[in-house]
1. Give the residues of the range 290-317 that are without any contact (Cβ under 8 Å) to a residue 60 or more places away in the chain and assigned to a loop (DSSP other than H, G, I, E, B), sorted by residue number.
2. In the range 337-354, which residue that is in a helix (DSSP H, G or I) and loosely packed, with under 15 Cβ neighbours inside 10 Å is modelled with the lowest pLDDT?
3. All but one of (1) at pLDDT 90 or above; (2) more than 29 Å from residue 90 (Cα to Cα) hold for residue 149; state the number of the condition that does not hold.
4. Scan the range 12-24 and tell me whether some residue there is at pLDDT below 85, in contact with a helix residue (DSSP H, G or I) (Cβ under 8 Å, 6 or more places away or on another chain) and in a loop (DSSP other than H, G, I, E, B).
5. Could you give me the residue pairs with C-beta distances under 8 Å whose first residue belongs to the range 41-65 and is within 14 Å of residue 3 (Cα to Cα), whose second residue is in a loop (DSSP other than H, G, I, E, B) and modelled with pLDDT under 90 wherever it lies, and which are 6+ apart or on separate chains?
6. With respect to residue 72, determine if the residue is modelled with pLDDT of 90 or more and more than 19 Å from residue 174 (Cβ to Cβ).
7. Looking at the range 95-115, which of its residues are crowded, with 21+ Cβ neighbours inside 10 Å and closer than 19 Å to residue 35 by Cα?
8. For the range 263-282, name all the residues that are over 15 Å from residue 188 (Cβ atoms) and either out of contact with any helix residue (DSSP H, G or I) (no Cβ under 9 Å at 6 or more places or on another chain) or in a helix (DSSP H, G or I) (or both).
């Protein structure tokens, strides 16, 4: 467990000692440039995610992709589901590093998106602290393909907050090459870019049709079978939905106090409403597996809200050390509970590194 706690303590200590970022762009958003410290974090995250060995619930399943790449041609691989991830496997075989290459590049792509998103927050270190217990430890080390997609979507969300709708769509489409479920994020651009109801319907239809044709046309029945018609419920789905519904409720409660531009406000209000709706749908539908996977894309809401919360509950732009400490303690509790009592945490503990 020690490596996970070290990974958590680095941003946690930085969050406790850092004040909010006061420099903003003309559009009200923050700069996302990486400083030397953040490059070191990028390096550490990439290594810990990429060099892990037999860590994560889906560890064995991902070798099927490597075997497919070994016995089939590149063109055959690229015509299958998730061609971006399959290309990584082809490159892994080409370099001779196999899964080590695949996981390291996957970790790098995820970490770039995570850090870019954190840098867009008023308290970047606090955002990263909140991300480590679940998004980093569980998702990036257990849902490799979807973690890449989430990382790329987070870059898109930064762009969307700057009113760059086309850029957001491009990042989402790129994310869908690694995990087709990313297309569910496409309607967000329509629902946040305009107030015209008919234009919203048109944009949702267009983006949905493009996503279906490019990504899902050949595999929609299997996607529905796997995620909606599954007879089993995702273990812990309610807990993960609750983790999203807490910041969603906080955003709705403090929405009039939050100081962000209108584009960002629309995005995170929508994320909050979706998270609240999915929480209640859990009790009224049998699609807990589908809800659980969609909820992974809502995780950035946790980082966004908790990085703003000290300014919402305390003095704006003040250090608000007590509130930062409570949020850090909340994140530490999540990590402790997961590592100690998680149903599948045995697949993560102990952490092992690939030594060749």
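The values are calculated or read from the model by the stated rules, or taken from the named source; none is laboratory data. Bear in mind the structure is a predicted one, so any value in this text is a computation, not a measurement. Every residue, glycine among them, receives a Cβ derived from its backbone with ideal geometry; neighbour counts consider all protein chains shown.
1. 298, 314, 315, 316
2. Of everything passing the filter in the range 337-354, 341 is modelled with the lowest pLDDT.
3. Of (1) at pLDDT 90 or above; (2) more than 29 Å from residue 90 (Cα to Cα), only one is false for residue 149: (2).
4. Yes: one or more hits.
5. 51/354; 52/354; 53/354; 53/355
6. The answer is no for residue 72.
7. Answer for the range 95-115, where residues must be crowded, with 21+ Cβ neighbours inside 10 Å and closer than 19 Å to residue 35 by Cα: 109, 110, 111, 113, 114, 115.
8. Scanning the range 263-282 gives 276, 279, 280, 281.
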